[in-house]
1. Which one is surrounded by the most Cβ atoms within 10 Å (Cβ to Cβ), of the residues in region 83-118 that are of a type in the set (Asp, Glu) and over 21 Å from GLN61 (Cβ atoms)?
2. Conditions first: (1) over 14 Å from the mean Cα position of the chain (by Cα); (2) more than 18 Å from GLU6 (Cα to Cα). LEU99 passes all but one, so which condition is the exception?
3. Out of LEU76, LEU57, I need the residue that is under 14 Å from LEU45 (Cα atoms) and surrounded by 10 or more Cβ atoms within 10 Å (Cβ to Cβ). Which one?
4. When region 27-50 is examined, which residues are found to be open to solvent by 20 Å² or more (accessible area, probe 1.4 Å), without any contact (Cβ under 8 Å) to a residue 40 or more places away in the chain and under 25 Å from VAL112 (Cβ atoms)?
5. Would you confirm, using the coordinates I've provided, whether SER66 is among the polar types (S, T, N, Q), over 14 Å from the mean Cα position of the chain (by Cα) and surrounded by fewer than 17 Cβ atoms within 10 Å (Cβ to Cβ)?
6. With respect to the numbered conditions (1) farther than 15 Å from GLN97 by Cβ; (2) part of a helix (DSSP H, G or I), which one is the sole condition not fulfilled by THR13?
Amino acid sequence: MEEVLEQLTRETTASKYGSIHLACVEARDLLESQAALLRSPPHELRAACLKPLQMSLESRQTKLMSLAVSGYYKLLRDTQFHSVYEEDDESMWLPCQLLGALQSLPFHSEDVQVELLK
């Protein structure tokens, strides 16, 4: 996941994508901080990483969208984002957080929709 966030950070240095750049830096710093990983529950890590992925997907810029799709794949496969015990609040569960981050799905091309639904 750190590699995807690093690539997004490099791609979003322009002022047009400043908010995506800042979200990527914050998420990458959280993931690289060993102490934060031990203290932060998986739902907080997911929220931090899903924010720049969602913003990149909604940017409608091809390179950022492809990086976002690969980020979603990595997030779902990485065990640090999974939890044996989920919070009582259902909005913090992995499926709910993922669906919230994919709100713009119907507005994308069929190719992007298929990749995200895989």
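1. Restricting to residues being of a type in the set (Asp, Glu) and over 21 Å from GLN61 (Cβ atoms), the top hit is GLU86.
2. Of everything listed in (1) over 14 Å from the mean Cα position of the chain (by Cα); (2) more than 18 Å from GLU6 (Cα to Cα), LEU99 misses just condition (1).
3. Every option except LEU76 fails the conditions.
4. Within region 27-50, ARG28, ALA48 meet the criteria.
5. When the stated conditions are applied, SER66 does not pass them.
6. (2)
The values are calculated or read from the model by the stated rules, or taken from the named source; none is laboratory data. Nothing here was measured: the structure is a model prediction, and the numbers come from that model. Note: ideal-geometry Cβ built from the backbone for every residue, glycine included; neighbour counts use all protein chains shown. Calculation scope for accessible area: heavy atoms of the full protein, side chains included, ligands and nucleic acids excluded. Shrake-Rupley method; radii C 1.70, N 1.55, O 1.52, S 1.80 Å.
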